[in-house]
Amino acid sequence: TILPTWYLVPFALVAVLGLVGGAVMNIYSSGLTLLAVGLRIPRYAAALVDGVVVVLGTIYVVFFAGEFLAQFTGFLITLGVPIAAWCGVMLADIGLRRRDYSEPDLYRPDGRYGDVRWLSIAVVLVGTGIGWGLVTNTSATWLHWQGYLLAPLGLGGGAWDTANLGVLVALVIGFVVTYTLTRSRVRAQEER
């Protein structure tokens with residue numbers, strides 16, 4: 001009601017074009033992923049296969065899936081916790097660095113960054129485990145196991161139940177542990 005009616009036309013145009021642009025990039029990237037996992041077809045065919053799968057999946061979700069939205073919401077809450085933990089690790093690593101990454105060393109297992117950073121993987125796993133214990137997921141019945149730390153910490157049964165603290169806690173754990181325990185390693189990497 002705040003905006004004039006004519007504004008809906010340019011708004012709809014921009015919204016649709018933005019969605020189409022994002023969909024094209026996603027299908028292009030997904031087609032490239034199909035090729036990377038070993039599918040032996042031309043690139044345009046890989047994008048076509050991906051586009052068909054996406055369209056069929058969308059038709060199924062919109063017309064036949066029923067309670068899909070609740071399940072998808074639950075999935076997104078569940079996925080938000082490990083993404084937050086990973087984001088904390090990345091933010092700490094970027095915050096510790098005083099120089100840009102050495103791009104060639106990122107691609108070499110024997111480079112200055114090494115092959116696998118086990119501490120980072122452990123931090124993401126621990127942050128995820130603690131984070132899932134601090135979120136509640138009433139959207140999907142198969143995710144009711146989450147929130148297992150709320151009652152033992154005295155946070156259950158009130159406003160904290162729906163606060164989804166686990167996302168924030170996972171982010172903080174990822175950041176603080178990485179920042180604290182990898183400081184000397186990052187300095188040594190930058191001196192090479």
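At a glance:
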{"read-out": "Top-ranked residue of region 106-135 - restricted to ones that are assigned to a loop (DSSP other than H, G, I, E, B) and within 21 Å of the chain's Cα centre (by Cα), ranked as farthest from G147 (Cα to Cα)", "value": "V116"}
{"read-out": "Matching entry among L76, L48 (being within 30 Å of G131 (Cα to Cα), modelled with pLDDT of 85 or more and open to solvent by 80 Å² or more (accessible area, probe 1.4 Å))", "value": "L76"}
{"read-out": "Only listed residue being buried (at least 16 other Cβ atoms within 10 Å of the Cβ) and among the β-branched types (V, I, T), chosen from V126, V135, V116, V176", "value": "V135"}
{"read-out": "Every residue from region 91-118 that is of a type in the set (D, E) and either in contact with a Phe, Trp or Tyr (Cβ under 7 Å, 6 or more places away or on another chain) or in contact (Cβ under 8 Å) with a residue 40 or more places away in the chain (or both)", "value": "D93, D105"}
{"read-out": "Any hit, region 141-153, residues being part of a loop (DSSP other than H, G, I, E, B), of a type outside the set (F, W, Y) and in contact (Cβ under 8 Å) with a residue 60 or more places away in the chain", "value": "yes"}
{"read-out": "Answer from V24, V61 - the residue that is open to solvent by 60 Å² or more (accessible area, probe 1.4 Å) and assigned to a helix (DSSP H, G or I)", "value": "V24"}
{"read-out": "Test result for A140, small (G, A, S), on the phi < 0 side of the Ramachandran plot, touching a Phe, Trp or Tyr at 6+ places or on another chain (Cβ under 8 Å) and surrounded by fewer than 21 Cβ atoms within 10 Å (Cβ to Cβ)", "value": "yes"}
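The values are calculated or read from the model by the stated rules, or taken from the named source; none is laboratory data. In this text, all values refer to a predicted model and were calculated from it rather than measured experimentally. Ideal geometry is used to build each Cβ from the backbone, glycine not excepted, and the neighbour counts take in all protein chains shown. Areas reflect the complete protein model, heavy atoms only, side chains present, ligands, DNA and RNA absent. Shrake-Rupley method; radii C 1.70, N 1.55, O 1.52, S 1.80 Å.
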